[in-house]
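Q: Below is a structure I'd like to ask you about.
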Amino acid sequence: MTFPIVLSNGPPPTGFQTVADAGVTMIRAGRADWNEATLDAQIADERALLDDAAAHGLKCWVWLGALTNLAAGAAGAPLRRVVEALRTHPALGAWKGQDEPRNPFNPALSIPPDNLARGHRLVASLDPDHPLVIIQAPRGSVDGLVPYRPAFDIGGVDIYPVSYPPGIHSDFPNSDISVVGDVTQWIRRAAGTKPVWVTLQIAWSGVTPTKTNPDRVPRFPSNAELRFMAYQAIANGARGLAFFGGHITAVQSPADAGAGWNWTFWRQSLERLVRELSSTALGPALIAPRSNVNVHTQPHSADIEIATRQTAQFLYVFVVSRGGTTSQIGLAGLPPNVGGGEVLFEYAQNPPPPPLAPANQAFRSLAVTGGAFSDWFAPHDAHVYRFPAA
């Protein structure tokens, strides 16, 4: 079991080692324009990309485009050829199905769920070892998505709330970046018992000027915004994260556009987050089951969201602040024998460590009394606490 950290799309292969060293585990591959007339050449291109990924320890999330859209009676020969050609490649991590099949703007143009269920059954019959993931748009009702459950192994959603004006990507009433939590809960309800991935923002069409929309203003999440959105998605049940739009050259610096990927955003916002998510301190929590420990705010605060995960060694508590004011928040419900813990990726020692010795720094510690403690939270803060297992 893994927690995928996906770049969709990733950099050219010359950048694979850089992102892999930071902790990225998967690159989106595949294409939207599979064409039966040129299928052999397209498959060869995909195999070459998977070869490059494998050489750098990366997996690939291979987009099947519209190949899984199989009408009744369709044999699915192109889909069969692609899956049979790539299913045994060591870099294959998962398949990506039809993108946003529930059309959020015109339901009449939505892809019939039965068609995609047929495509899913064919993929599963040919390759039972790799899941098929379908990503939906963050619009519409849960009821409209439920019929798609037979069409995927993993459900997902994309949500890009950082724009001018904010919140235009979804039809949720919340235009704040905390809409990520709302959308994660929404897609979990739609997916039923199946796991979900959440795709977060690097860039997207709503911040990309075009000839028909020249007034769009590029806007990107800061590291703090991106970190909050990632941890909020995790706290609300995401079992994988993807980051979309690093390949959109229209909103990149000339140097990045020449390199084919948004390395500026990587350095300023994403790399630090990826290193946290993939760290040995946090990694076990991301694949751990939910804990039965009921950590809760005391007194109750509607602005605080909490999730607990349990491993043999530690109890992890994810706490995110949707909004409100900067204040101390009381948290209770820990086992009574827990006397203290630490706050991952936050550092505070007394006495301070000697200069030039950051590797010896310890995470900030906190005391627990009677299963309770308090900590400061500002709007959009995210703290991850780690306590010895009871």
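Q: Only one of these conditions is not met by Ile154: (1) in contact (Cβ under 8 Å) with a residue 12 or more places away in the chain; (2) more than 20 Å from Ile248 (Cα to Cα); (3) open to solvent by 60 Å² or more (accessible area, probe 1.4 Å). Which number is it?
A: If we test Ile154 against (1) in contact (Cβ under 8 Å) with a residue 12 or more places away in the chain; (2) more than 20 Å from Ile248 (Cα to Cα); (3) open to solvent by 60 Å² or more (accessible area, probe 1.4 Å), just (3) comes out false.
Q: Taking segment 185-236 on its own, how many of its residues are under 17 Å from Arg290 (Cβ atoms) and of a type in the set (Gly, Ala, Ser)?
A: 4
Q: Select from segment 363-377 the residues that are closer than 15 Å to Tyr316 by Cβ and aliphatic (A, V, I, L, M) and list them in ascending order.
A: Leu366, Val368
Q: Is segment 102-111 home to any residue that is open to solvent by less than 30 Å² (accessible area, probe 1.4 Å) and of a type in the set (D, E, K, R)?
A: Within segment 102-111, none of the residues are open to solvent by less than 30 Å² (accessible area, probe 1.4 Å) and of a type in the set (D, E, K, R).
Q: Separate question: If I ask for residues that are surrounded by fewer than 21 Cβ atoms within 10 Å (Cβ to Cβ), under 16 Å from His380 (Cα atoms) and among the hydroxyl-bearing types (Ser, Thr, Tyr), which ones from segment 219-264 would you list?
A: Ser222
Q: Pick from Ile5, Ile27: which is within 19 Å of the chain's Cα centre (by Cα), of a type in the set (A, V, I, L, M) and under 16 Å from Ile154 (Cβ atoms)?
A: Values: Ile27 fails: under 16 Å from Ile154 (Cβ atoms).
Result: Ile5 is the single residue among Ile5, Ile27 that is within 19 Å of the chain's Cα centre (by Cα), of a type in the set (A, V, I, L, M) and under 16 Å from Ile154 (Cβ atoms).
Q: For segment 72-118, enumerate the residues that are part of a loop (DSSP other than H, G, I, E, B) and over 30 Å from His169 (Cα atoms).
A: Our first condition is that a residue be part of a loop (DSSP other than H, G, I, E, B); within segment 72-118, this holds for 72-76, 87-91, 97-106, 110-112.
Matches in segment 72-118: Ala72, Gly73, Ala74, Ala75, Gly76, Arg87, Thr88, His89, Pro90, Ala91.
Q: Looking only at segment 125-150, count every residue that is free of Cβ contacts under 8 Å to residues at least 40 places away in the same chain, open to solvent by 50 Å² or more (accessible area, probe 1.4 Å) and within 13 Å of Gly97 (Cβ to Cβ) and tell me the total.
A: 1
Q: Okay, moving on. Which ones in segment 192-218 are surrounded by 22 or more Cβ atoms within 10 Å (Cβ to Cβ) and polar (S, T, N, Q)? Explain how you work it out, then say what you get.
A: Taking segment 192-218 and keeping what is surrounded by 22 or more Cβ atoms within 10 Å (Cβ to Cβ), we get 196-203, 207.
Scanning segment 192-218 gives Thr199, Gln201.
Q: Right, something else. List the residue pairs whose Cβ atoms are under 8 Å apart, where the first residue sits in segment 48-60 and is in contact (Cβ under 8 Å) with a residue 40 or more places away in the chain and in a strand (DSSP E or B), the second is open to solvent by less than 40 Å² (accessible area, probe 1.4 Å) and not small (Gly, Ala, Ser), and the two are 6 or more positions apart or on different chains.
A: Listed pairs, sorted by first residue: Lys59/Pro4; Lys59/Met26; Lys59/Ile27; Lys59/Leu92.
Q: Only residues that are open to solvent by 70 Å² or more (accessible area, probe 1.4 Å), farther than 27 Å from Gly240 by Cα and hydrophobic (A, V, I, L, M, F, W, C): list them for segment 28-84, please.
A: Answer for segment 28-84, where residues must be open to solvent by 70 Å² or more (accessible area, probe 1.4 Å), farther than 27 Å from Gly240 by Cα and hydrophobic (A, V, I, L, M, F, W, C): Ala37, Ala72, Ala75.
Q: Another question, then. Can you find, within segment 336-368, the residue that is modelled with the lowest pLDDT among those that are touching a Gly at 6+ places or on another chain (Cβ under 8 Å) and open to solvent by 30 Å² or more (accessible area, probe 1.4 Å)? Before the answer, list the steps.
A: At the first step, the residues of segment 336-368 found to be touching a Gly at 6+ places or on another chain (Cβ under 8 Å) are 336, 338, 365-368.
Narrowing further to those that are open to solvent by 30 Å² or more (accessible area, probe 1.4 Å): 336, 365, 367.
Details: Pro336: 95, Ser365: 92, Ala367: 95.
Among those that are touching a Gly at 6+ places or on another chain (Cβ under 8 Å) and open to solvent by 30 Å² or more (accessible area, probe 1.4 Å), it is Ser365.
The values are calculated or read from the model by the stated rules, or taken from the named source; none is laboratory data. For clarity, every value in this text was computed on a predicted model and none was experimentally measured. No Cβ is skipped: glycine too gets one built from the backbone with ideal geometry, and neighbour counts run over all protein chains shown. For the accessible areas, the whole protein counts, side chains as well, though only heavy atoms, and no ligand, DNA or RNA atoms are used. Shrake-Rupley method; radii C 1.70, N 1.55, O 1.52, S 1.80 Å.
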